[in-house]
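The values are calculated or read from the model by the stated rules, or taken from the named source; none is laboratory data. Remember, predicted model here, so these are calculated numbers, not experimental data. Glycine also receives a Cβ, built like all others from the backbone with ideal geometry; neighbour counts cover every protein chain displayed.
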Amino acid sequence: MAQHNDLGKEGETKACEYLQAKGYKIVHTNWVSSIKRNELDIIARKDNLLVIVEVKSRSTITFEHPEDAITPAKIRRIVTATHEYILANNYEGETRFDVIAALSDYKGGFTIEHIEDAFLAPIN
């Protein structure tokens, strides 16, 4: 597996640990939609919310901060997959979209930045 894939998996693991420590229940990781093969990194529950978490892992922020990599096209893919997930699971309730930036410290540790309500679903 490529080094950037290892970093991504490790960042997602650390993001799950962080969320669990904050009282989130992890429902799914790396859930893949059947229609367009879009992936949701983390699907979690907290209180009465369904929380969809996009994780961006980086070894450096030299080129861009991780959350800046979430483009309008990426948001559309996340929202499309979330819609499919909601329909498939008959979920009726509020949904929130979060971003976790996981920055590696090169020593096996990560700095986690959790951005709640990072974006809204587009209306079109």
Close pairs (6 angstrom Cβ cut-off, 6 or more residues apart or separate chains): without any contact (Cβ under 8 Å) to a residue 40 or more places away in the chain in segment 45-59, in a strand (DSSP E or B) anywhere: Arg45/Lys25; Arg45/Val27
Scan of segment 1-59 for residues that are of a type in the set (A, V, I, L, M), modelled with pLDDT under 85 and either farther than 21 Å from Val79 by Cα or touching a Phe, Trp or Tyr at 6+ places or on another chain (Cβ under 6 Å) (or both), ordered by number: Met1, Ala2, Leu7
Flag for Phe119 being in contact with a Phe, Trp or Tyr (Cβ under 6 Å, 6 or more places away or on another chain), surrounded by 11 or more Cβ atoms within 10 Å (Cβ to Cβ) and either part of a loop (DSSP other than H, G, I, E, B) or modelled with pLDDT under 90 (or both): yes
Candidate set from segment 67-112 (those that are charged (D, E, K, R) and free of Cβ contacts under 8 Å to residues at least 40 places away in the same chain); member that is surrounded by the most Cβ atoms within 10 Å (Cβ to Cβ): Lys74
Segment 14-58, subset surrounded by 15 or more Cβ atoms within 10 Å (Cβ to Cβ) and acidic (Asp, Glu), residue farthest from the chain's Cα centre (by Cα): Asp41
Output for segment 85-116, where each listed residue is among the polar types (S, T, N, Q), farther than 12 Å from Val51 by Cα and either in contact with a strand residue (DSSP E or B) (Cβ under 8 Å, 6 or more places away or on another chain) or part of a strand (DSSP E or B) (or both): Ser104, Thr111
